[in-house]
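The values are calculated or read from the model by the stated rules, or taken from the named source; none is laboratory data. Please read all numbers here as calculations on a predicted model, not as lab measurements. All Cβ positions, even for glycine, are placed from backbone atoms using ideal geometry, and neighbour counts span all protein chains on display. Calculation scope for accessible area: heavy atoms of the full protein, side chains included, ligands and nucleic acids excluded. Shrake-Rupley method; radii C 1.70, N 1.55, O 1.52, S 1.80 Å.
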Amino acid sequence: ADAFVITANLAAGDELYVYDRAAGRYQVFTLVRDAAGDDTWAAARVVHVGTGGAEVATGSAAAEVSLARGYGAWLHRPGAAERADKAVYLAGQAESEPVSITFAAATGSAKFGQTLFGPPAGAADDFKLNGRAINWSGAVKGDEIRLPQTDGTLQTVEYTGAKWVRKYWERSANGVLRLKRDENPVIPRGQAAWYARKARNAELTVTWSEE
């Protein structure tokens, strides 16, 4: 985890959240700057996801924690002028072999099971949800892919049972709102998204390969 997010353009206090699927918790790291001006990711705390959202003040060293291929991570950057309009750079091995991703099922009272995922590192283009890279035959109608936007909202793409479609409202020149359909939605390269799985107690495992 200490190598795939380059610290250039980041600021002390930024946080990196990497989900540990086996343990069911987040490993959390805070960027600290030493007297020499060098930046490192320091274990901040382990956030347990469960009843009560209990937290304990412990964690693993960043060098010991890996982000599995195909999954995403959170980079939390508290609002400040020194962070504004600065690019964040990611690094890693440019693997071309197919990778399996498992999306969690809805359980208990939850309407959806949610998994953060994203295009493989080093992808040259935006990922086409209706392209040939993934066989979505195990997805169910009503499954959603939610893309975080810069204004804090989520853009939702829904599975119709045959393909992914993004529905949105657009105002015409005469001021009339019309419901539009984007049947070629994409996940921008370098960006993660939430997979919201509607099926109850049935995980979805897909294989992601290059198109």
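Residues in segment 26-43 that are in contact (Cβ under 8 Å) with a residue 12 or more places away in the chain and surrounded by fewer than 19 Cβ atoms within 10 Å (Cβ to Cβ): 30, 32, 33, 39, 40, 42, 43. Residue-level check: of (1) modelled with pLDDT under 75; (2) closer than 17 Å to residue 187 by Cβ; (3) out of contact with any strand residue (DSSP E or B) (no Cβ under 6 Å at 6 or more places or on another chain), residue 119 misses just (3). Among the residues of segment 148-166, those that are open to solvent by less than 40 Å² (accessible area, probe 1.4 Å) and aliphatic (A, V, I, L, M) comprise 157, 165.
Close contacts from segment 132-152, counting a first residue that is under 21 Å from residue 71 (Cβ atoms) and a second that is open to solvent by less than 10 Å² (accessible area, probe 1.4 Å) and among the hydroxyl-bearing types (Ser, Thr, Tyr), with Cβ to Cβ under 7 Å and a gap of 6+ residues or different chains, come to 145/195. Would you please name the residue that is modelled with the lowest pLDDT, looking only at residues in segment 55-69 that are small (Gly, Ala, Ser) and open to solvent by less than 60 Å² (accessible area, probe 1.4 Å)? Filtering first and then ranking leaves 59.
Residues that are assigned to a strand (DSSP E or B), open to solvent by 90 Å² or more (accessible area, probe 1.4 Å) and modelled with pLDDT of 85 or more within segment 70-114 comprise just one, 114. Among the conditions (1) under 14 Å from residue 72 (Cα atoms); (2) touching an Asp or Glu at 6+ places or on another chain (Cβ under 8 Å); (3) among the hydrophobic types (A, V, I, L, M, F, W, C), residue 133 misses just one, which is (1). Of the residues contained in segment 8-20, none is found to be at pLDDT below 65 and either of a type in the set (A, V, I, L, M, F, W, C) or part of a strand (DSSP E or B) (or both). In this structure, is residue 185 in contact with a strand residue (DSSP E or B) (Cβ under 7 Å, 6 or more places away or on another chain) and modelled with pLDDT under 85? So residue 185 does not fit the description; no.
Restricting attention to segment 167-211, the residues being aliphatic (A, V, I, L, M) and open to solvent by 70 Å² or more (accessible area, probe 1.4 Å) number 3.
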